[in-house]
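S.K.: Dropping a structure here in structure tokens format, bear with me for questions.
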Amino acid sequence: MLELKHIGYTVFTDGEQKDILKDVNLTIDERFVAITGPNGGGKSTLAKVIAGILTPTNGSILLDGEDITSLSITERANRGISFAFQQPVRFKGITVRDLLSLAAGKKMSVTEACTYLSEVGLCAKDYINREINSSLSGGELKRIEIATVMVRGTHVTVFDEPEAGIDLWSFQNLIRVFEKMHEKEGGSILIISHQERILNIADKIVVIAGGEITDIGTPAVILPRLLDKAGTCQALTEKL
């Protein structure tokens, strides 16, 4: 279980204080939790605070009762937290198989690597020895990143807009991957998204706007409210 208690994150720009997150309190113990809301509302900042990329200005983070607020991203990864970026990082000189091996913490066999790549809709023989560089499209990188998260098999997995760049694959396949991850490892999957099809599979939806949680509940309760305000879930980026 992940607990966020009175989380705040403040930055100073040109001498002015800006509160990106304001007294966020949240417990994550469900299978799938979706975080949504308008752009600039604090969603990605909250995800980075959970992963340890950013350190909160105020508050504490507990993982299964352990205070991990001061732990680095590496220490949190060792405790069982994974983070998938909205824009995956490119690694020149590292092959796809190398990256999967690093994620697994051991040298992966061709058969093992191929299994994970096929799970995300990639033909293994075409990708296993390719470098993680500019020759790969954004969608290919996103799917490879999802494969590395699957390899790690962590207790809490955070995806920042995982649907970005996967148009040629499908939302249904992405959702199937999430479900399979949970079946295999349990734990919680935290997904930042505006997509109604992803919000629909969540056990809990958390709405963040202006750095604060403005609504929280099941899809049956939250989605009608969002659609009433924005017209479509995709319009959340501008209208909520």
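No lab work stands behind these numbers, since they all come straight from the coordinates. Keep in mind the model is a prediction, meaning the values are calculated, not measured. When we count neighbours, we look across all protein chains shown, and the Cβ atoms used for this are built from the backbone with ideal geometry, even at glycine.
S.K.: ³J(HN,Hα) across region 102-116 via Karplus (A = 6.51, B = -1.76, C = 1.60, θ = phi - 60°), whole Hz, x for Gly/Pro?
M.R.: Couplings: 4, 5, 7, x, 7, 6, 8, 6, 4, 4, 5, 4, 5, 4, 5 Hz.
S.K.: Run down the lysines and flag those whose C-alpha is under 18 Å from the C-alpha of residue 106, throwing out any fewer than 8 positions away in its chain.
M.R.: Once the sequence-local lysines are set aside, nothing remains near residue 106.
S.K.: While we're looking at this one, here's another question. Under unit Cβ charges (Lys, Arg +1; Asp, Glu -1), what dipole magnitude, rounded to 20 debye, does the chain have relative to its Cα centre?
M.R.: Value, rounded to 20: 600 debye.
S.K.: With runs of 4+ DSSP H residues as the only contributors, calculate the mean residue ellipticity of the chain at 222 nm using -39,500 (n - 2.57) per run, divided by the residue total and rounded to the nearest 500.
M.R.: Rounded to the nearest 500, the figure is -10500 deg cm²/dmol.
S.K.: Here's another thing I want to ask about it. Pairs 5/180; 43/142; 5/142; 18/229; 22/43: which exceed 23 Å Cα-Cα?
M.R.: Exceeds cut-off: 5/180; 5/142; 18/229.
S.K.: Rounded if a/c is under 1.5, else prolate if a/b is larger than b/c, else oblate: which is region 92-156, with a ≥ b ≥ c the root eigenvalues of its Cα gyration tensor?
M.R.: rounded
S.K.: Would you mind counting up the charge near residue 94? Only other residues with Cβ under 11 Å from its Cβ, with Lys and Arg at +1 and Asp and Glu at -1.
M.R.: Taking every other residue near residue 94 into account, the sum is +2.
S.K.: Once the mean 1/r over all distinct Cα pairs of region 1-158 is inverted, what Kirkwood radius in angstroms do you read off?
M.R.: 17.2 Å
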